[in-house]
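Take a look at the structure below.
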Amino acid sequence: MVKVPGPFKTPPSITLDPKPLADVPDAPLTPESGDARAMRSASRRSEIPVFEVMQITDEVARRRHAGHDVVSLCAGEPSARPAPGTLQPAGYTGPLGTTPLREAIAGHYRDWYGVEVDPGRVAVTTGSSGAFQLVFLTAFDPGDRVALVSPGYPAYRNILTALGVHVIEIATGPETRYQPTPQLLDEAVREHGDLAGLIVASPANPTGTMLARSELQSLVEWCSAKGARFISDEIYHGITFIDAGPDSRGVSAVELDSDAIVINSFSKYWGMTGWRLGWALLPEDMVAPFEALASNFALSPPAPAQELAMRAFSPETYAERDSVVQGFAKARALILDAEQSLNWGPAAPSDGAFYYYSELGPQLERFGDSSSYARALLEGADVAVVPGGDFDPVAGHRAVRLSYAAGEAAVAEALDRIIRFQG
C-alpha cells in the first residue's frame, strides 16, 4: 500500500528567520523559506500531454541499442530518404525564407494544382510544426474557439491549448469517414459558441481519410460565411492511393479560397523529416504579423535545408518520390490483405498518408486497452505501434495506428510477428 504523506511540517532542527527574504543576502528559495517564488510551477499553458509517438520512438532506440531487432511501425517517417548532396555554409535568410525557394513553392502550386500563388504569401518555416505555431499565434487570441476532429493529429490540440485557445473537438467516425461536415460544425457552434477557426487534414493523420473536392468546398464555404479561419493541413499531399483523376494528389484549399491558410512540409512526400523545413500559404492580412513573429521566434528557417529543398521540385525528384509512394502502396496492400488474420476491429479507410488506424476488437478482451496492447507487443514481439489515445482522448484507448512508411519488407516482417504474437 502506498502511504500518503501528511501535511508538511517544519523539521525541528530548522528555525525560520522572521526577517523578510529580501533582507537576507543569497537566501535560497526553498519551501521552508516561506517565499511564494519557491513554489512556482510551470505555466498552465505548458500543461499538455507529451507526444506519445516520440516517447515510443525513444524506447525503440533504446531497445535497438540493447541489441533488440525492433521493427517500428510507429513514426510517420519515410525510410527512403533523398541523398543529402553537397551543402555550403550559409547564414541567416529572411524570416519567411529565401526568395528562390518561395518562388519554387509557388511554382509547385501552379504545376500540381493549376493555381497561381503570390510568392509573397509563401512563408517558409522550421517544419510544419513551426508553421502551426506561428499560424496559431497570428490567427487566434487566447480564449478563441477552434474546431478540429477526433481522432486527429494531437499536436493541433496541444499547441492550441498551450497558447490559451479553446479546442473544440468534434467526434467523428465511419459515418463521415472521420472528417468534419457543416452539420457537425453547426452542432459545435450550438453547443460551444462561435468558432474562430477550423483545422482539417486531407489525407489525415491517423486515419488516412481524404476529403473530396465538394466536401472540402462545403467546409471552406461554411468558414467563409461564419468569419472563421480555415486551416488546411496538406502535409500528406502526393501520398495517396485513390483514383480521383486530377484530384488524385489531393485538393488544395487554396484552389477554393485564396484566403485559406495552407500548411505543408518537405517531411512526408519528400522524406526530409530531419531537415525541419515546411511552409504556409497565408492570406494577405496575416503576412506582416506572421513575419514579425517569425523574425523573433526563429529568425529564419534553416538555410542549408532551404538550399537542398530547391531540388525538390525538379521532374527527376518528383519521379523518384512517386516511386517511393508506390512502395508505400505495396506496404499498405500487405496490411489490407492481412486484416482477417490480424483479427482486429473496424479500420478507417486509408485513402492516403501512410497510416492504418484500426480498433483492436477482440484483442481488447485480452489486453484491456490499446496502450497495454502496444506495450505487450513491443516487449513480446519487438514491434512498435502507436496506441490511439494521443489521437482520440475519448475512444482512442480502443485503437492503434500502424505507419507503413517503414516500407514493404518491414511491414511484412511486423505483420508476421504480430500475428504470431496474438496466437
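The values are calculated or read from the model by the stated rules, or taken from the named source; none is laboratory data. Quantities reported herein were computed from a predicted structural model and do not represent experimental measurements. Here the Cβ positions follow ideal geometry from the backbone for every residue, glycine too, while neighbour counts run over all protein chains shown.
With (1) over 19 Å from Thr99 (Cβ atoms); (2) surrounded by fewer than 24 Cβ atoms within 10 Å (Cβ to Cβ); (3) hydroxyl-bearing (Ser, Thr, Tyr); (4) free of Cβ contacts under 8 Å to residues at least 60 places away in the same chain as the list, and Ser314 as the residue in question, which single condition is left unmet?
(1)
Does Val135 satisfy the criteria of being surrounded by 23 or more Cβ atoms within 10 Å (Cβ to Cβ), of a type outside the set (Phe, Trp, Tyr) and more than 30 Å from Trp270 (Cα to Cα)?
For Val135, the condition - surrounded by 23 or more Cβ atoms within 10 Å (Cβ to Cβ), of a type outside the set (Phe, Trp, Tyr) and more than 30 Å from Trp270 (Cα to Cα) - is not met.
Filter the stretch 114-128 for residues that are part of a loop (DSSP other than H, G, I, E, B) and over 15 Å from the mean Cα position of the chain (by Cα); which is surrounded by the most Cβ atoms within 10 Å (Cβ to Cβ)?
Checked the stretch 114-128; the qualifying residue surrounded by the most Cβ atoms within 10 Å (Cβ to Cβ) is Val117.
Just the residues that are free of Cβ contacts under 8 Å to residues at least 40 places away in the same chain and in a helix (DSSP H, G or I), please, taken from the stretch 129-156.
Phe136 - this is the single residue of the stretch 129-156 that is free of Cβ contacts under 8 Å to residues at least 40 places away in the same chain and in a helix (DSSP H, G or I).
How about the stretch 189-230: which of its residues are of a type in the set (Ser, Thr, Tyr) and either over 21 Å from Tyr113 (Cβ atoms) or in contact with a Cys (Cβ under 9 Å, 6 or more places away or on another chain) (or both)?
Of everything in the stretch 189-230, just one residue is of a type in the set (Ser, Thr, Tyr) and either over 21 Å from Tyr113 (Cβ atoms) or in contact with a Cys (Cβ under 9 Å, 6 or more places away or on another chain) (or both), namely Thr207.
Go through the residues of the stretch 238-252 one by one and say whether even a single one is within 18 Å of Arg102 (Cα to Cα) and touching a helix residue (DSSP H, G or I) at 6+ places or on another chain (Cβ under 6 Å).
Yes, the stretch 238-252 contains a residue that is within 18 Å of Arg102 (Cα to Cα) and touching a helix residue (DSSP H, G or I) at 6+ places or on another chain (Cβ under 6 Å).
Looking at the stretch 329-371, which of its residues are more than 24 Å from Tyr153 (Cα to Cα) and either assigned to a strand (DSSP E or B) or hydroxyl-bearing (Ser, Thr, Tyr) (or both)?
Within the stretch 329-371, Ser341 is the sole residue that qualifies.
Among the residues of the stretch 105-128, how many are in contact (Cβ under 8 Å) with a residue 40 or more places away in the chain and either among the charged types (D, E, K, R) or not assigned by TED's automatic domain parsing to the domain that holds Trp275 (or both)?
Looking only at that region, the number is 2.
Taking the criterion of being at pLDDT 95 or above, part of a strand (DSSP E or B), at negative phi and hydrophobic (A, V, I, L, M, F, W, C), would at least one residue in the stretch 175-197 satisfy it?
No, the conditions are met nowhere in the stretch 175-197.
Which is assigned to a helix (DSSP H, G or I), crowded, with 19+ Cβ neighbours inside 10 Å and out of contact with any Leu (no Cβ under 9 Å at 6 or more places or on another chain), of Leu377, Leu415?
So the residue among Leu377, Leu415 that is assigned to a helix (DSSP H, G or I), crowded, with 19+ Cβ neighbours inside 10 Å and out of contact with any Leu (no Cβ under 9 Å at 6 or more places or on another chain) is Leu377.
If Ala171 passes every condition in (1) within 30 Å of Ala331 (Cα to Cα); (2) crowded, with 17+ Cβ neighbours inside 10 Å; (3) not polar (S, T, N, Q) but one, which one does it miss?
All conditions are met except number (2).
Please report, ordered by residue number, the strands (runs of 3 or more DSSP E) entirely within the stretch 200-308 with at least 3 residues that are acidic (Asp, Glu) and surrounded by fewer than 20 Cβ atoms within 10 Å (Cβ to Cβ). It would help to see each step written out before you state the result.
Working: elements: 229-233, 261-265, 278-281.
Filter on the stretch 200-308 gives an empty set.
Can you list residue pairs whose Cβ atoms sit under 8 Å apart, with the first residue in the stretch 394-412 being among the aliphatic types (A, V, I, L, M) and the second being modelled with pLDDT under 95 and in a strand (DSSP E or B)? Count only pairs 6 or more apart in sequence or on different chains.
These pairs meet every condition: Ala406/Val71; Ala406/Ser72; Ala410/Val71; Ala410/Ser72.
Would you check if there is a residue in the stretch 177-189 being small (Gly, Ala, Ser) and over 19 Å from the mean Cα position of the chain (by Cα)? Even if it seems obvious, please write down each step before you answer.
So the first thing to find is which residues in the stretch 177-189 are small (Gly, Ala, Ser), and the list is 188.
Narrowing further to those that are over 19 Å from the mean Cα position of the chain (by Cα): 188.
There is at least one residue in the stretch 177-189 that is small (Gly, Ala, Ser) and over 19 Å from the mean Cα position of the chain (by Cα).
Restricted to the stretch 56-113, and to residues that are acidic (Asp, Glu) and either at pLDDT below 90 or in a strand (DSSP E or B) (or both), which residue is nearest to Arg401 (Cα to Cα)?
This residue is Glu77.
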